[in-house]
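Undergrad: This is the structure I want to talk about, given as structure tokens.
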Amino acid sequence: MNNLFVPLSMMRGYEKFVTLKIFSYIGQAETIFNEMFAASLIGSPPPLLIFLFLRRYFVRGMLMFTGRTG
């Protein structure tokens, strides 16, 4: 819900956000599956790479609220 609502309420165009661009391929009459899947494949590696490089800090932040140390 937040991936669509926040960018839609803050920005006028949908070209700047990957989730809005992927959602724009779903139409009322038809859905353009090939372009939607291509956009999702192009848009998924950047967050995955960021997570892979910063996973140590991600896990440390998640463990911070449990009282454990990573």
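The values are calculated or read from the model by the stated rules, or taken from the named source; none is laboratory data. Remember, predicted model here, so these are calculated numbers, not experimental data. Heavy atoms of the whole protein, side chains included, go into the accessibility calculation; ligands, DNA and RNA do not. Shrake-Rupley method; radii C 1.70, N 1.55, O 1.52, S 1.80 Å.
Undergrad: Can you name every residue in the stretch 16-31 that is part of a loop (DSSP other than H, G, I, E, B) and among the hydroxyl-bearing types (Ser, Thr, Tyr)?
TA: Matches in the stretch 16-31: Ser24, Tyr25.
Undergrad: Please determine, by comparing only the residues of the stretch 1-30 that are small (Gly, Ala, Ser) and open to solvent by less than 60 Å² (accessible area, probe 1.4 Å), which one is modelled with the lowest pLDDT.
TA: Going through the qualifying residues, I end up with Gly13.
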